[in-house]
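Please read the structure below before turning to the comments.
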Amino acid sequence: MHSLLNMLLAILAAYLLGSVSFALVASRIFGLADPRTYGSKNPGATNVLRSGHKGAAVLTLIGDAAKGWLAVFLAERWAPVFNLPDFTVGLVALAVFLGHLYPIFLRFKGGKGVATAAGVLLAIDLRLGLATLATWLVVAFALRYSSLAALIAALAAPLYALLMWGGNRMVLVIAGIALLLVGKHWQNLQRLLAGNETKIGSGKKT
């Protein structure tokens, strides 16, 4: 009974941590406009970059990745201490990611999850996280489309995990995160197909 309660508390804590929007935190620190009022209106690093303030975008990126990493890291360390089920780490990973996508503090309208997903993957397995991040970087620098890089990296992550571990629960968790991320980028995919998607570094706020 206690282990179940502790697991639920861990999941709730992860969701609340994920709900903290570093796009808004960074914008307030640097005195910028709310990122939900310009560009794509998405509270994420790519949209914050459209403000023209690279420091705010970097802080957003690091903060959103760090919260994903921290939630999973703590779950991995504390699950054995509190005798939690093995799948607790996977549920915490999903919870912190869902918190970013649907944050209670922003009326469930959050970011698209790229940085938070990266943090989660780095905490689950450093090799998996680095391989997925490298995929994003190659596509982003080659084609200059953040959304396309995110979509390709999202689809690659569960394949990398499957090759590394075979089929297990964590592969299903990673596949779930990938599907959620693709769903959040559905409009971007439509714009990519129509040739209307904005490239990285363009469309800065005046």
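Suppose the filter is of a type in the set (Lys, Arg) and farther than 19 Å from MET170 by Cα; does ARG107 pass it? Give the derivation first.
On the way: of a type in the set (Lys, Arg): yes; farther than 19 Å from MET170 by Cα: yes.
Yes; evaluated as a whole, the condition is true for this residue.
Give the residue that is farthest from PHE141 (Cα to Cα), with candidates limited to residues of segment 35-49 that are part of a loop (DSSP other than H, G, I, E, B) and open to solvent by 50 Å² or more (accessible area, probe 1.4 Å). The selected residue is LYS41. For segment 97-131, a residue qualifies if it is in contact with a Pro (Cβ under 9 Å, 6 or more places away or on another chain) and among the aliphatic types (A, V, I, L, M), and exactly one does: LEU106.
Out of curiosity, is LEU61 open to solvent by 30 Å² or more (accessible area, probe 1.4 Å) and within 23 Å of ASN168 (Cα to Cα)? Answer is no for this residue.
Which members of segment 139-154 meet the condition of being open to solvent by 40 Å² or more (accessible area, probe 1.4 Å) and at pLDDT below 95? Steps first, please.
From segment 139-154, those open to solvent by 40 Å² or more (accessible area, probe 1.4 Å) are 141-145, 148, 152; that's our starting set.
PHE141, ALA142, LEU143, ARG144, TYR145, LEU148, listed by residue number.
The values are calculated or read from the model by the stated rules, or taken from the named source; none is laboratory data. For clarity, every value in this text was computed on a predicted model and none was experimentally measured. Cβ coordinates were reconstructed from backbone atoms using ideal geometry, including for glycine residues, and neighbour counts include every protein chain displayed. The accessibility values were calculated without ligands, DNA or RNA, using every heavy atom of the protein model including side chains. Shrake-Rupley method; radii C 1.70, N 1.55, O 1.52, S 1.80 Å.
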